[in-house]
Amino acid sequence: MNSQISDKKNETRAKLMNKLLPYLRKNGLQSVRMDEISRVMEISRATLYKYFSTKEEIVEFIVDGFIEYMKELTHNPLDSVQSFGTRFLQIFEQTISLVVYFSDIILQDLETSYPDLFDRFNEAMKEREEKILAFFEEGKQKGIFNQLNGRLLIKQDEILRGMFDVKFLMTNQFTVQQVLYDYFQLKRIQLFKPEKLTAIDDEVLMPKIEHLTQKVTKNLF
């Protein structure tokens, strides 16, 4: 029974956090107050305190949630070209989510005000990077990926922060969906050898792109 109550509470906490994250992405962590948080979550302060005792608890819930999300990177055997395509798509989805939710202002506030949580988040990011590098290396060894520097491919994802900017999108008349689709194609062409590009079917890709478009748009506008 206690387990069911705990699961229900965590489910509600996650739903409340989904309302809060777009606001934090734009406004950061440092200056936001509990009354502001309850307003964004559309609940009373009394209800908020039933789920989170302090702002620090909220920040910890966010960081821990994303650390668990990063750990979800599958360890399924890579026994076919399609399995490499599936893993690559999962990495792409994670990358977009991490870039969207952990904006520069959130990362700066985390480092300044919550250094322990910042260190934990950074450590999880490093572990994720090592998994991705191992994935790239295995793909190269099996003749599926081009012989490219994996760390440069990962570093390249930092340009997404500038691309997911309302001013950038409007100035260049880009849609979020166009940016996501074109960037995915760029990464796929760079990584997969020409004869292996069919590892990800567009019928599988497009629903993922549409889902990510909704997620990104919700956090930008």
One residue from ASP64, ASP7 being surrounded by 12 or more Cβ atoms within 10 Å (Cβ to Cβ), of a type in the set (D, E, K, R) and more than 24 Å from ASP165 (Cα to Cα): ASP64
May I ask you to verify whether VAL40 is touching a Phe, Trp or Tyr at 6+ places or on another chain (Cβ under 7 Å), at pLDDT 95 or above, more than 22 Å from GLU123 (Cβ to Cβ) and not basic (Lys, Arg)? yes
I need the full set of residues from region 141-177 which are in a loop (DSSP other than H, G, I, E, B) and within 15 Å of LYS193 (Cα to Cα), in order please. LYS142, GLY143, ILE144, ASN146, GLN147, LEU148, ASN149
Could you list, in sequence order, all residues of region 93-118 that are assigned to a helix (DSSP H, G or I) and within 18 Å of GLY162 (Cβ to Cβ)? THR95, ILE96, SER97, LEU98, VAL99, VAL100, TYR101, ASP104, ILE105, ILE106, LEU107, GLN108
Hits in region 147-173 (condition: among the aromatic types (Phe, Trp, Tyr) and surrounded by 14 or more Cβ atoms within 10 Å (Cβ to Cβ)): PHE164
Which members of region 116-139 meet the condition of being in contact (Cβ under 8 Å) with a residue 40 or more places away in the chain, closer than 16 Å to PHE192 by Cβ and acidic (Asp, Glu)? GLU138
Evaluate the following for LYS55: is it farther than 30 Å from PHE135 by Cα, surrounded by fewer than 17 Cβ atoms within 10 Å (Cβ to Cβ) and basic (Lys, Arg)? no
Give all pairs with beta carbons closer than 9 Å in which a residue from region 140-153 that is under 12 Å from PHE84 (Cα atoms) meets a residue that is aliphatic (A, V, I, L, M) and in a helix (DSSP H, G or I); count only pairs at least 6 apart in sequence or on separate chains. LYS142/VAL81; ILE144/VAL81; ILE144/LEU191; ILE144/ALA199; PHE145/LEU191
Within region 100-120, is even one residue modelled with pLDDT of 95 or more and under 13 Å from the mean Cα position of the chain (by Cα)? no
Can you find even one residue in region 167-179 that is in contact (Cβ under 8 Å) with a residue 12 or more places away in the chain, farther than 18 Å from THR213 by Cα and in contact with a helix residue (DSSP H, G or I) (Cβ under 9 Å, 6 or more places away or on another chain)? no
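The values are calculated or read from the model by the stated rules, or taken from the named source; none is laboratory data. Quick caveat, the model's predicted, so the values are computed rather than measured. With ideal geometry, Cβ positions are generated from the backbone for all residues, glycine too; neighbour counts draw on all protein chains shown.
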